[in-house]
Every structure is written in structure tokens, then in C-alpha cells.
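The values are calculated or read from the model by the stated rules, or taken from the named source; none is laboratory data. Every value quoted in this text rests on a predicted model; they were computed, and no experiment measured them. Methodologically, a virtual Cβ is constructed for each residue, glycine included, from the backbone with ideal geometry; neighbour enumeration extends over all protein chains shown. Ligands, DNA and RNA are excluded from the accessible area calculation, which covers all protein heavy atoms including side chains. Shrake-Rupley method; radii C 1.70, N 1.55, O 1.52, S 1.80 Å.
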Amino acid sequence: MKIETQCLHEGYSPKNGEPRVMPIVQSTTYVYESTDDVAAVFDDPTKGLIYSRFANPTTDVVEKKIAALEGGAAAMCTSSGQAASLLSILNICEAGDSFIASASIYGGTINLFGYTLKKMGIECIFVDHDATEEQLNAAFKDNTKAVFGETLANPALTVLDIELWAKVAHAHGVPLIIDNTFATPILCKPIEWGADIVVHSTSKYMDGHALQVGGVIVDSGKFDWTNGKFPSMTEPDESYHGLVYTEKYPAAPYITKARMQLMRDFGCYPAANSSFLLNLGLETLAVRMKQYCENALKVAEYIKSTGKAEFVTYPALEGSAGHELAKKYLPNGTSGVISFSIKGGRPAAVKFMDSLKLASNEVHVADIRTCVLHPASATHRQLSDEQLVAAGIDGGLIRLSVGLENVEDIIADLKQGFAAV
Ligand SMILES: *Cc1c(COP(=O)(O)O)cnc(C)c1O
């Protein structure tokens with residue numbers, strides 16, 4: 001199936017007399033005929049349902065769909081994108097380990113990696129998103145267990161050289177984890193470029209309608225965990241009657257461990273209702289992504305033409321930062337998100353944003369409706385000046401998330417915003 005078809009049909013194909021639409025299974029638990037039957041699913045939880053803290057039939061459909069869209073072996077949904085990023089690291093790193101991350105990533109992820117994980121004894125080594133192969137190699141330590149980056153970073157919109165990062169990670173025997181939230185599998189499939197694990201905040205384009213907060217982790221099933229660096233994958237899990245993930249679940253040991261161990265213990269699993277809503281968003285993801293890209297390119301061209309921006313970052317736009325890498329990794333467009341720095345810095349940014357009528361000022365992005373955000377006052381407020389620079393953010397920077405309204409209406413709104421400054 002082509003990706004547009006997958007969006008509609010993967011994960012759920014009703015049989016004779018079954019509902020056309022994927023049902024919401026609103027139940028915490030599942031009934032068995034005998035104690036032996038219950039024991040059997042505890043022996044192998046992939047063989048049946050136990051409890052909705054870590055698996056649910058509605059969410060299962062969405063997991064299968066997203067795994068298929070990304071070209072992965074299996075996926076696990078989480079209650080937020082933050083939970084997905086957290087579990088993606090905790091599944092392979094423990095106190096005393098380190099991992100490498102691009103410094104140009106989502107502000108919430110920088111806090112999680114740089115502060116919260118540090119308190120748990122896991123060190124994050126930040127490197128520039130455009131580090132050379134030598135610089136990347138130099139960042140590794142003996143205890144480095146993973147590498148993390150964003151395809152199209154929120155909000156700086158830097159494009160990661162995924163193939164290079166995968167090559168370096170693999171040379172050191174560790175997996176590459178890619179946050180593919182902004183690109184979505186419609187615009188880029190990181191696994192095809194060598195990524196081993198893909199995470200998403202499904203709250204963004206996948207949901208698309210600002211209806212539910214969620215996340216997902218996809219396991220490519222391709223990484224070799226048996227190279228001696230990952231005993232938690234290859235040695236008996238004492239908390240699960242001594243099973244060895246790589247032996248018992250060779251197709252997707254990483255995601256099976258994440259579910260059976262971490263989701264069991266943390267329980268940050270989405271509600272069935274949220275998964276139902278996410279699925280509605282996924283059904284139209286391919287059509288929406290095309291239109292976001294078409295609208296945003298026109299808007300980016302317009303902003304550039306006004307001469308009122310210090311720079312416009314929209315990698316699909318000729319002359320924008322990241323354009324060369326975008327041609328390789330995002331040939332069909334670079335989403336609906338544009339970032340630009342308005343001339344006049346922070347006061348001009350505030351005046352401009354407060355003057356907009358159609359575009360709403362909100363802490364969200366990748367919505368069906370156009371919205372704007374001032375990263376320095378919102379998502380990146382907790383970052384030091386140094387970290388702001390590393391994340392590519394200045395006082396005049398505006399993140400504009402172009403929606404699916406008629407593009408002429410969007411441009412008219414921006415025009416009166418610029419006039420007000
Ligand atoms: C929003 C976002 C997250 C965090 O996701 P939540 O669903 O808000 O927890 C992580 N990564 C990226 C790139 C994001 O845009």
C-alpha cells in the first residue's frame with residue numbers, strides 16, 4: 001500500500017459484520033475463562049491483553065498504523081511526546097550512562113535531557129546539529145549508549161543529516177533515535193536513512209486538530225543489540241521471570257522491553273479515547289501534509305518578499321538555512337512551520353503577534369489552524385542565553401505554524417500584522 005492508503009487502512013481491517021470504524025475499547029481490563037489462561041498471557045503478554053496500563057485494542061490499531069507508516073517493526077504509544085522521548089532513552093540508558101543529542105531540538109526535550117535525566121544519573125552530551133563526522137566522533141565516551149536528534153527541529157527548523165548521524169552512531173555500536181514530529185513519515189522516513197528508533201509527539205501533525213496530547217516510539221527492528229553494550233536487552237530480565245528480550249522477541253526487542261518493563265512500571269499509556277481521536281488525524285495525515293507544505297511555501301515567499309524579516313527559515317524555500325539538506329531528506333516539503341526573525345527584535349515580535357487576527361497566539365504548533373508563538377517568551381523561556389543561541393533562537397524569532405485556511409487569508413492577516421509594527 002502507498003502511504004495515503006496506509007493512513008486509512010493499516011492496523012484495522014474489519015471482518016464480516018464488524019464495525020467500519022475502529023471501535024473505542026473503553027475497558028481497563030480483559031476477561032479470561034481460567035486461571036491458566038491468565039497465567040499464559042502473563043508468560044507472554046504479546047499473546048493477549050492484560051491491563052490497559054500498557055496495552056489496549058484501540059491503541060494497538062494506532063500503534064500498528066504508525067509502525068507501518070514509518071516502516072518500522074512495532075510501535076508503542078505514550079501519553080505525551082515527552083513520555084516517548086523519556087522512555088526512548090530510559091529503555092537503553094541507566095545511571096552512569098551517557099548519550100549524545102543534537103543541541104537543536106525541542107526546548108522541552110532539552111530540559112528533560114539536560115536537567116531531569118541528569119538528576120537520574122544519565123548524562124546528555126549536546127553537540128551542534130551540523131557537527132562534522134570528526135566532531136561527532138569526538139563527543140563519544142565509553143559509556144555512550146545512544147544518539148538523538150530531530151529531523152526538522154522545533155522551533156529552529158534545522159535539518160539533521162540523518163545518514164551521517166546514523167553512520168557515526170553505528171560505528172560506535174549505538175542506535176540513532178530520531179524525533180520525527182515535524183516531518184511526519186509523509187515527508188521523511190528516518191528509518192530509510194539509517195535511524196533505529198523513531199519518536200513522535202503525536203500532539204502535532206499526526207493528531208493535527210489540537211485534540212489530544214500523545215506520543216509514540218517506533219522500533220525499526222533493525223538494530224543489533226547483541227554487541228555487548230546492551231545487557232538489559234541480552235541478559236535475563238529479573239523483573240520479568242528472567243526472559244531475554246533479544247531471544248524471545250527478536251523482531252522488535254526494543255519496543256517489547258519498553259512495553260513490558262517501562263510501560264508496566266510507569267503507566268504513561270494513552271487512553272483509548274485519545275487513540276481514537278489520534279486515528280482520525282492519522283487518516284488524513286497525507287493529504288494535510290501536502291497542503292501545509294503548499295501553503296507554507298507561499299507564506300514563506302511572502303514574508304521574504306516584504307523585507308521585514310532579518311531571515312526566514314523554511315528549508316523548502318530557496319536560500320533558506322537547511323535548503324540543501326531539505327532537498328535530500330524532505331524533497332516534498334518541510335511542513336507548515338516557518339520561523340523568521342522580525343526586524344526590530346523582541347518588541348517588534350510582540351507587537352506583530354498581538355496584531356494578528358486570524359492566526360492565534362497559542363502554545364501549540366502543527367495545528368490545522370494557523371497559530372504563532374514567540375519561543376523566547378514561551379517554550380524556550382527556561383533556557384539560558386547560551387542555550388537559546390545553540391537552539392537558534394533570538395528575541396525577534398517568531399514561530400509561525402501555517403494552517404489549512406486559504407493561503408490568501410493567511411497572508412492578508414500577516415500583512416496587517418507587519419503594517420502594525
Ligand atoms: C511538542 C514536541 C515534543 C513534546 O511532545 P508533547 O506531546 O507536547 O509532550 C517533543 N518533540 C517535538 C519535536 C515537539 O514538537
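Rounded to two decimals, what ratio of Rg to Rh does segment 205-300 give with C-alpha atoms and a Kirkwood Rh?
Taking Rg over the Kirkwood Rh, I get 1.14.
With a 10 Å cut-off between alpha carbons and a GNM built on the chain, which of 256, 151, 306 moves the most?
Top of the fluctuation ranking is 306.
Debye sum, Cα scatterers, the chain, no solvent: what log₁₀ I/I(0) at q = 0.06, 0.09, 0.14 1/Å?
-0.25, -0.55, -1.26
Please report, as a whole percent, how much of the solvent-accessible surface of segment 287-420 comes from carbon and sulfur atoms (probe radius 1.4 Å).
Percent of accessible area from carbon and sulfur atoms in segment 287-420: 54.
Of all accessible surface on segment 3-280 at a 1.4 Å probe, what whole percent is carbon and sulfur?
Percent of accessible area from carbon and sulfur atoms in segment 3-280: 54.
When the solvent-accessible surface of protein heavy atoms is calculated with a 1.4 angstrom probe, in what order do 36, 409 fall, highest first?
36, 409
What Kirkwood hydrodynamic radius, in Å, does segment 1-108 give when the mean of 1/r is taken over all pairs of distinct Cα atoms and then inverted?
So the Kirkwood estimate lands at 16.9 Å.
Can you tell me what percent of all Cα-Cα pairs in segment 287-420 are more than 25 Å apart?
The answer is 20 percent, as a whole percent.
Which cross-chain or sequence-distant (5 or more) residues have an amide H under 5 Å from the amide H of residue 74, H modelled 1.01 Å from N in plane?
219
Could you sort out which of 64/189; 65/298; 189/222 sit more than 21 Å apart by Cα distance in this structure?
Pairs exceeding 21 Å: 65/298.
Mind checking the per residue accessible area of the chain for me, 1.4 Å probe, whole number of Å²?
I get 41 Å² per residue for the chain.
Normalised by the number of residues in the chain, what is the relative contact order in percent for Cα pairs under 8 Å and 6+ residues apart?
17 percent
Which whole-Hz couplings ³J(HN,Hα) result when phi for each residue of segment 166-179 is put into the Karplus expression 6.51 cos²θ - 1.76 cosθ + 1.60, θ = phi - 60°, listed in order with x for Gly and Pro?
For segment 166-179, the Karplus curve yields 5, 4, 5, 4, 5, 4, 9, x, 10, x, 9, 9, 10, 8 Hz.
Return the long-range amide H neighbours of residue 321 (sequence gap of 5 or more, or a different chain), with a cut-off of under 5 Å between placed amide H atoms.
For residue 321, the qualifying residues are 314.
Toward the positive end of the charge dipole of the chain, about the Cα centre and with charges on Cβ (Lys, Arg +1; Asp, Glu -1), which of 88, 6, 282 goes farthest?
With unit charges placed on the Cβ atoms, the residue in question is 282.
Anyone know which of 179, 130, 265 comes out most mobile in the 10 Å Cα GNM of the chain?
265
Give, rounded to the nearest 20 debye, the magnitude of the charge dipole that the chain has about its Cα centre when Lys and Arg contribute +1 at Cβ and Asp and Glu contribute -1 at Cβ.
So the magnitude is around 980 debye.
Give the relative contact order (percent, whole number) for segment 107-248; include only Cα pairs under 8 Å separated by 6+ residues.
Once normalised by length, the contact order is 14 percent.
Rank-order 99-109, 378-388 by packing density, defined as the average count of other C-beta atoms within 10 Å over each peptide's residues, highest first.
99-109, 378-388
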